[in-house]
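First comes the structure, then the notes that go with it.
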Amino acid sequence: MDNPFAILSQRLENIEEKMSAIQSLMIAGSKDLTNQQNLYLAEEPLISDDELADHLGCKKSTVLKYARNGVISYYKAGRKYRFKKSEVDTALSSQTPIRRNKKGAKANG
């Protein structure tokens, strides 16, 4: 039977060699980011419902209603809604405005 300490020492050397190889691959890979990774790093930050309401000039309840009804896209972080300004602006600019009569009800047609 072989010495157990010798076996452990040999395994440790193998692990250290593999770790060194992985480390050199990671260093080489980090110097050459792909375009997709660069786009991911430069991604637009998410804003809160309060910030979006300020941006749109409406109430927070309107923003949440639009999100729940599928008018604007959103991301959920726990119980909080998060938005991307560019996605919301695009969605709202492509929406057909609702025509209303003088009493505030939706007009027919």
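Each reported figure results from applying straightforward, stated rules to the coordinates on display, with no laboratory input. Worth saying up front: this structure is predicted, and the values here are computed from it rather than measured.
Structure data summary
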| read-out | value |
| --- | --- |
| Under the Debye formula (equal points on every Cα, no solvent term), log10 I(q)/I(0) of the range 47-93 at q = 0.15, 0.26, 0.31 Å⁻¹ | -0.29, -0.96, -1.39 |
| Contour excess over end-to-end distance, with Cα ends at residue 43 and residue 90 and 0.36 nm allotted per residue | 15.3 nm |
| Whole-Hz couplings from phi, Karplus 6.51/-1.76/1.60, listed for the range 45-56; x for Gly and Pro | x, 8, 10, 7, 5, 5, 5, 5, 4, 4, 4, 8 |
